[in-house]
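Q: Before we start, here is the structure in question, set down as structure tokens.
What follows draws every value from the coordinates through simple rules; no lab data is involved. Keep in mind that what you see is a predicted model, and the values were worked out from it rather than measured. Virtual Cβ from ideal backbone geometry, glycine too; neighbours counted across all protein chains shown.
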Amino acid sequence: MQLYLVTFVYKENEMGNLKYKGYIGSVEYSEEGDCLFGKVLGMSKDVISYEGKTIEELKVDFEAGIDIYLESCKARGLEPRKAYSGTLNVRLNPEIHNKIANAAQETGITINAYIKNALENVVNSENLTNKAQITYAKHHKV
């Protein structure tokens with residue numbers, strides 16, 4: 001079975017993920033099944049998957065999957081998991097940790113705030129999409 005990653009480009013080079021009620025879903029294509037499919041991203045213990053022959057069918061199945069998940073959680077008295085909690089543990093070597101701590105102290109902010117600012121700068125960089133596409137092309141012979 002051969003799978004392809006399908007990236008849709010919207011205004012301002014936004015990646016084509018589906019978004020609904022705070023959840024983000026991937027969009028992929030199966031040549032063998034001749035269909036689009038995906039799963040909700042960042043769900044570590046639960047899986048919400050969906051498929052469709054068209055983008056519209058994919059969106060409908062994606063939204064229905066999330067609605068069913070939320071209804072199921074409510075019926076069982078469980079708190080639905082969110083894709084990402086906002087907490088991220090990162091392992092660093094001591095030298096980098098030290099450099100970050102010093103830089104944070106020099107700027108008068110916490111290490112957490114320093115790392116958060118640095119990551120936001122990288123993620124918001126206009127070149128991020130281009131870097132990701134170049135990396136993908138190198139690894140997938142596009």
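Q: Going through 74, 53, 99, 45 one at a time, which residue ends up being basic (Lys, Arg) and either under 14 Å from residue 24 (Cβ atoms) or within 19 Å of the chain's Cα centre (by Cα) (or both)? Don't jump to the end; show me each part of the working.
A: Values: 74 fails: either under 14 Å from residue 24 (Cβ atoms) or within 19 Å of the chain's Cα centre (by Cα) (or both); 53 fails: either under 14 Å from residue 24 (Cβ atoms) or within 19 Å of the chain's Cα centre (by Cα) (or both); 99 fails: either under 14 Å from residue 24 (Cβ atoms) or within 19 Å of the chain's Cα centre (by Cα) (or both).
Just a single option satisfies the conditions, and that option is 45.
Q: Further question on the same structure: Looking only at the range 64-83, which residues are crowded, with 17+ Cβ neighbours inside 10 Å and in contact with a strand residue (DSSP E or B) (Cβ under 6 Å, 6 or more places away or on another chain)? Outline the logic, then answer.
A: The first filter runs over the range 64-83 and keeps only residues crowded, with 17+ Cβ neighbours inside 10 Å, leaving 65-66, 69, 81.
If the condition is that a residue be crowded, with 17+ Cβ neighbours inside 10 Å and in contact with a strand residue (DSSP E or B) (Cβ under 6 Å, 6 or more places away or on another chain), then 65, 66 are the ones that fit.
Q: Related question: Go through the range 46-66 and give me each residue that's closer than 14 Å to residue 34 by Cβ, part of a helix (DSSP H, G or I) and of a type outside the set (A, V, I, L, M).
A: Matches in the range 46-66: 57 only.
Q: Just need a number here: residues in the range 56-71 that are within 17 Å of the chain's Cα centre (by Cα) and of a type in the set (Asp, Glu).
A: Pass one, the range 56-71, residues within 17 Å of the chain's Cα centre (by Cα): 59, 62-63, 66.
Right, trim to of a type in the set (Asp, Glu) and you get 63.
Count: 1.
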